[in-house]
Amino acid sequence: MDIKKNDEILKAQLNDEEKFILELKADIRQGKEDLRTGNFITHEEMLAKLEKRGLIEKRRKS
């Protein structure tokens, strides 16, 4: 049986709190993997992207 399909069946049998915990654990595992492989951007890089898109105002230098 496909692992993804197995996960979907398991999630269907869980309550909301159990689903949340399962998804949170998966996100944590993914985050750890992203850190290990360098697949992330810094807070400063994210702010620069948001400024460039005009979603936030330019930061003032202190």
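Checked against (1) farther than 28 Å from E8 by Cβ; (2) assigned to a loop (DSSP other than H, G, I, E, B); (3) under 18 Å from the mean Cα position of the chain (by Cα), K58 meets all criteria but (3).
For the range 13-22, the criterion of being of a type in the set (D, E), more than 15 Å from the chain's Cα centre (by Cα) and either surrounded by 10 or more Cβ atoms within 10 Å (Cβ to Cβ) or modelled with pLDDT of 95 or more (or both) is satisfied by at least one residue. Scanning the range 6-47 for residues that are part of a loop (DSSP other than H, G, I, E, B) and closer than 30 Å to K58 by Cβ yields a total of 5.
The values are calculated or read from the model by the stated rules, or taken from the named source; none is laboratory data. Remember, predicted model here, so these are calculated numbers, not experimental data. All Cβ positions, glycine included, derive from the backbone under ideal geometry; neighbour counts span all protein chains shown.
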